[in-house]
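See below for the structure under consideration.
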Amino acid sequence: MLTAPPTFRANIVIAAEGALVTELTHCGEGVTTVLSAADGVRLQDAIKSGGIQSGAKASFFSKRAPGAFLAIDSAGKLQELGWQKYSTLEMLSWSAQYLGLRPASASSSAPPAADRLSLHHQTT
Amino acid sequence: MNISKPHFSVPIPALAWHKNVANITLPDAAVLRSFSKMEVENTLTCRDAEGRMDQSCPAWDHNIALGVACAPTHEEAFALLQARLLQEQGRLDEPGGFAGELARYVTPFRRRIGKWLTPATDKMPMLTDTKNRSCSFHVQNPGWVNSFKLRFSGSAAADGAPPTVTTPLFTGGGFTSTYNANRTLMITPPVCAPVCPAGGCGAACCPPCPAPAGLDAGKPRRKVQLSFILSGHGELMLLLVPAVGAAVATASADSLSLSAAAAGDMEFDASTHVFDINGVSFSWTSEGVAGTGMGCSKHVREGRVQPNEHGTWYTGRNFWCNGADVPVHVADVTAAVNCEYADPYCTEASPVNVTVSSSSNHAS
């Protein structure tokens, strides 16, 4: 038997032209997602061209992914870079700034590269 | 943050900790006083021994506070520590804000890479009393493991003596409508520390105390500082958990130092804090920082804030950031205390009354 999908109230916030997409933890009731100015324009155009007056159907989904990124530092150690917040490379520059301040001895607690690392999706 | 600088290190080794208390016998006070600067080094990791990954660290942020009580024996030091903590029990929402607090941190969202060098020169009097060499250190660190070191550096002879006496002013409290109540004190600072130049006049040196050879007679020899730790962090929204410890200190060579400390819980809301000393106001505000989109990310390049945490670590907060030590605010208030304290020859024997009041406003 088919059941109706649950109904959510959702908010789409469009960033101003030239502004970075920033995370909103709360924006009124329901789910909130933020689009870049360019994506916002495309969405608005799509709504207008579709002749939709009262609303639109949108699909929100979460994709499960490892929350951490890894890099190998200049000493050959694996370093976790933490969680990505935005689809920019700024997290890499923040990590570089932070790791650059730490002397080599400070990273000795990091596991040597490939130690304890299991690769689940190897290709040949 | 340069942790490779030469320094005299006093570690608080892991083996010394029994639960959250470590008893340490500190080096001779004269040795520690020969340095002009003290910092607290803290390396943070997560409690689980097996995990090495960020994922196994606690997801939520909490305060960590390192405190100390010193006495002639470890038994007395521990009793003093217990009495202080008992006094604060249940009053503060998050660790920090008690008398004897040395340093405070806010843990990151699920990252295990924290390492901080936090200025603590203003706290040196708590560790440099000649009679009280047995110290009980206490840490409140839910879900985390800290490795602490006290780092002494600089030369007291070359750079100036560190503070030698500290007088607490205020401790923390909830940021409610009664937050400003009972925050006015009359303080009688010590007249002058019985510290004289080598070969000087001993305990009776003040007054009068002859100026040491080579000392610029026009340069004030006593200095009064106000210092405080302030962080608006806790689990209850709009609750400030201030830990104000203020101090009056007479340093060697007759410098006087007044320091104070405060803490609290505000997150994205700003607040303003005013210390009024004899009618002269000294104020600090988080206006323009708390609630800004990227306010805390600006401190990554200083090594203070751990980047790329699991939550909104980058957003500006009220005098604190996630994954960072809480800044120690220090101001020179010598001129506001009394002109007598700028007397280069320390000829005034009468105590000087100092009035300090702290007020906080919900600024946004």
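When the convex hull of the Cα atoms of the range B:22-154 is projected onto a plane and the area is averaged over all directions, what value comes out in nm²? Mind showing how you got there, number by number?
Numbers: hull surface 33.4 nm².
Result: a mean projected hull area of 8.3 nm².
Got a sec? How would A:ILE47, A:ILE14, B:ILE113 order by Cβ neighbour count within 10 Å, fewest to most?
Ascending Cβ contact count within 10 Å gives the list A:ILE47, A:ILE14, B:ILE113.
Using the Karplus equation 6.51 cos²θ - 1.76 cosθ + 1.60 (θ = phi - 60°), what ³J(HN,Hα) coupling, rounded to whole Hz, does each residue of the range B:165-177 give in order, writing x for Gly and Pro?
10, 10, 10, x, 9, 9, 10, x, x, x, 7, 10, 5
Hey, what do the phi angles of the range B:298-306 turn into as Karplus ³J(HN,Hα) couplings, whole Hz, using 6.51/-1.76/1.60 and θ = phi - 60°, x for Gly and Pro?
Values per residue, Gly and Pro as x: 5, 8, 5, 5, 7, x, 7, 9, 6 Hz.
How far apart, in nm, are two points set 7 Å out from the Cα along the Cα-to-Cβ line at A:ILE72 and at B:SER9?
Inter-label distance under the simple model: 3.0 nm.
Given H placed 1.01 Å from N in the peptide plane, which residues other than close sequence neighbours of B:ASN278 have an amide H under 5 Å from its amide H?
HN-HN under 5 Å from B:ASN278: B:THR355.
Rounded to whole Hz and in sequence order, give me ³J(HN,Hα) for the range B:13-29 from the Karplus expression 6.51 cos²θ - 1.76 cosθ + 1.60, θ = phi - 60°, writing x for Gly and Pro.
Karplus values, whole Hz, x for Gly and Pro: x, 4, 5, 6, 7, 10, 6, 10, 10, 10, 9, 10, 8, 7, x, 3, 4.
Multiply the residue gap between B:THR178 and B:ALA158 by 0.36 nm, knock off their C-alpha separation, and tell me the result in nm, one decimal place. If you can, show how the numbers build up before the last one.
Details: separation 20, 0.36 × 20 = 7.20 nm, distance 4.55 nm.
That pair, B:THR178 and B:ALA158, stretches by 2.7 nm at full extension.
Amide H to amide H, which residues 5 or more places from B:GLY154 or on other chains are under 5 Å from it, using H placed in the peptide plane?
B:SER36
Mind listing the long-range amide H neighbours of B:ARG317? Cut-off is under 5 Å, sequence gap 5 or more, other chains count too, H placed in the peptide plane at 1.01 Å from N.
B:GLY291, B:CYS296
Debye sum, Cα scatterers, the range B:63-136, no solvent: what log₁₀ I/I(0) at q = 0.11, 0.15 1/Å?
Reported log10 I(q)/I(0), two decimals: -0.33, -0.60.
A short reminder: the numbers here are calculations on the coordinates, not readings from a lab. Here the structure is a predicted model, which means the values were calculated and not measured. Glycine also receives a Cβ, built like all others from the backbone with ideal geometry; neighbour counts cover every protein chain displayed.
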